[in-house]
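The values are calculated or read from the model by the stated rules, or taken from the named source; none is laboratory data. Since the structure is predicted, the reported quantities are computational estimates derived from the model, not experimental observations. Glycine also receives a Cβ, built like all others from the backbone with ideal geometry; neighbour counts cover every protein chain displayed. SASA here: full protein model, heavy atoms, side chains in, ligands and nucleic acids out. Shrake-Rupley method; radii C 1.70, N 1.55, O 1.52, S 1.80 Å.
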Amino acid sequence: MTEQLLLYLPVLHAGYEALFDRHPGAEVLLLGRSFAAEEKALTKEIRALDPERAAHYLVAAGRAKARVVERGDLPAAVTAQTLIVPDEDLMRRVVQRYGLTAVYEPTFLRWDRAWAQAARPAGFDGEVAADDLSRLLMGRATAEAARSSDWWRQVGAVAARDGEVIAVAHNTHQPTEYAPYADGDPRNEYSRGLRWDLSTALHAEAGIVADAAREGRSLAGADLYVTTFPCPACARLVAAAGFRRCYVAGPYAMLDGDRVLREAGVELIWVAGSS
């Protein structure tokens, strides 16, 4: 056996299907109930499948050879040359706690609509940055975006001052990253731009501003690199935080976000060659 997948599978969805498709023939090791003693967040998954039932479904559907592992089974249960785990905080903690060597991989599909692939963001100021530093920092934001569990849109953001990174964040869901998939997404019945206040997500830009507030760190005069043009709510936070420039690599033409930033004196710059 060359590969094993070690993961927590609370509900079956297309993101996990895609993961299994990328690793045909790999044995799937599912975290058992005993891991809840170390990871309290697992007890909050009110719709989580019983691990044994989840393993049964995978085997019955012909998706994978699967079995449940408990705390006492690790690290001995890992026998393959390569261990693949979803790139999420929970699994990173498990890997570290049990001294495993693993390859991290994004778990969820990125289902962006065609409008998210447009060549230019709406309302940027006409300046295009193609320098190595801008591409480097936007690349850091793109890598951070891949850590998001959001099926619909993965966004990463980096705050920097004089080229030095001071904060990074990606969009996350609350109270757990699985919230919209286990309980249903409250925004499913709304078009983009409408009732974004009902979202369970903390956006990447908001995460950066919140972290700075908690740590007592000023963002005034700093630059923000974000993979997708800020939504109106985040635009207001970016403006209020005093960012000097906002570098973007993807569009999000929605309501008055670009106007909010421009009126606050935030320069909007498109990063060429980063998407």
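Please give the contour-minus-distance gain from ARG93 to ALA143: 0.36 nm per residue of separation, less the Cα-Cα distance, rounded to one decimal in nm.
Full-extension gain reported as 16.1 nm.
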- request: Rank-order 94-100, 66-72 by packing density, defined as the average count of other C-beta atoms within 10 Å over each peptide's residues, highest first.
  value: 66-72, 94-100
query: Which sequence of ARG153, ARG92 reflects their accessible areas, 1.4 Å probe, from the largest down?
result: ARG92, ARG153
message: Can you give me the % of accessible surface on segment 1-99 that is carbon or sulfur? Probe 1.4 Å, all protein chains present, nothing else counted.
response: 48
statement: Note: probe point = Cα of HIS56 + 7 Å toward Cβ; backbone nitrogen < 11 Å; residues of segment 1-30 passing the test are none
message: Taking the full set of protein chains and a 1.4 angstrom probe, give the accessible area of GLU27 in square angstrom, rounded to the nearest 10.
response: 10
statement: With 0.36 nm assigned to each residue of separation and the Cα-Cα distance removed, ALA80 to ASP162 gains 25.0 nm
message: I'd like to check one number: the per residue accessible area of segment 1-90, probe 1.4 Å, reported in Å² as a whole number.
response: 48
